[in-house]
Amino acid sequence: MRPIKTGHSPRSPPEKSDDHGHPRITIYSHSPILYCWPAWVVGYILALVTYLDGRQYQIGPDREWYHPSSNLGVIFFATLFLVILITNVSVRGLASVIVILATVLVTVLLAFFGWWDTIPGWFVGLKIHVNLGAYFWCSTPMLLVWAFTVFVVDRMSYWLIMPGQVSHVHILGASSRSYDTDNMVLEKYRDDLFRHWVLGLGSGDLHIQPFGANREEILVPNVLLIGTKMHRIRHMIATEPEKFGHSIVES
């Protein structure tokens with residue numbers, strides 16, 4: 001993690017522009033629920049497998065779809081457990097690499113020796129059978145909440161980067177604040193491989209430190225595609241605002 005200090009670049013890549021022709025970059029800070037997508041994805045996959053390869057069993061007055069193998073239920077609850085664990089416990093740096101490599105090694109060894117069907121029998125009662133309806137109706141509310149949060153709630157406020165200015169904008173009328181980019185320092189945090197790479201698909205945290213007497217530090221967590229956006233932001237904040245007739249204000 002190396003601080004990126006602003007400077008003046010004679011050329012910068014083309015960016016999106018507002019109504020006045022000012023180039024800009026918009027970034028959104030997402031809530032941790034962004035990383036919970038494997039829960040509903042795995043649920044729908046297991047529901048499909050249960051429908052295609054399952055059987056109907058008489059449960060009371062109704063016949064319900066179940067898969068004969070209990071491995072599907074174990075996989076579903078293991079996925080839920082891992083998602084909760086990864087989204088709440090941060091493993092950074094070399095430790096995250098070691099954990100991932102160890103997990104992959106154990107998985108490959110168990111598959112190579114054919115122990116995946118044997119190990120569950122060592123644990124008393126580890127027979128989890130979930131019907132088709134449970135997979136579907138557990139996954140659907142999770143999908144709806146995930147989509148509403150990521151595409152609606154998280155977009156109610158955003159960061160707007162323009163030449164010479166970084167602004168935090170709130171859509172619902174809350175006060176917005178802008179920062180001068182002179183001597184501003186940006187840092188990218190993306191060393192939690194589980195959260196940022198495995199679940200976040202290239203997300204990361206953005207640390208902003210504006211220049212000033214109070215030395216305020218701003219953390220913008222869970223920004224998607226942080227690597228590509230950092231390259232664009234670096235060019236944007238290095239551009240002189242006078243070139244676009246752009247003034248810096250604070251509210």
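The values are calculated or read from the model by the stated rules, or taken from the named source; none is laboratory data. Keep in mind that what you see is a predicted model, and the values were worked out from it rather than measured. Here the Cβ positions follow ideal geometry from the backbone for every residue, glycine too, while neighbour counts run over all protein chains shown.
Per-structure values
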item: Some residue of the stretch 176-193 being within 18 Å of the chain's Cα centre (by Cα), over 21 Å from E217 (Cβ atoms) and at pLDDT 70 or above; result: yes
item: Residue in the stretch 69-86 that is at pLDDT 80 or above, buried (at least 16 other Cβ atoms within 10 Å of the Cβ), under 26 Å from L206 (Cα atoms) and in contact with a Cys (Cβ under 7 Å, 6 or more places away or on another chain) present; result: yes
item: Residue check for I98: at pLDDT below 85, surrounded by fewer than 13 Cβ atoms within 10 Å (Cβ to Cβ) and either small (G, A, S) or outside any strand (DSSP E or B) (or both); result: yes
item: In the stretch 131-146, the residues that are touching a residue at least 60 places away in the same chain (Cβ under 8 Å) and either aromatic (F, W, Y) or surrounded by 14 or more Cβ atoms within 10 Å (Cβ to Cβ) (or both); result: N131, L132, Y135, F136, C138, S139, T140, M142, L143, V145, W146
item: Members of the stretch 147-170 that are buried (at least 19 other Cβ atoms within 10 Å of the Cβ) and touching a helix residue (DSSP H, G or I) at 6+ places or on another chain (Cβ under 9 Å); result: V150, I161, M162, P163, G164, Q165, V166
item: So Y57, is it in a helix (DSSP H, G or I) and in contact with a strand residue (DSSP E or B) (Cβ under 9 Å, 6 or more places away or on another chain); result: no
item: Enumeration of residues in the stretch 185-208 that are of a type outside the set (D, E, K, R) and in a strand (DSSP E or B); result: V185, L186, Y189, G204, L206, H207, I208
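Results for (1) at pLDDT below 85; (2) of a type in the set (D, E); (3) within 26 Å of L224 (Cβ to Cβ), shown as yes or no for each residue.
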| position | (1), (2), (3) |
| --- | --- |
| L109 | yes, no, no |
| G114 | yes, no, no |
| Y158 | no, no, yes |
| L172 | yes, no, yes |
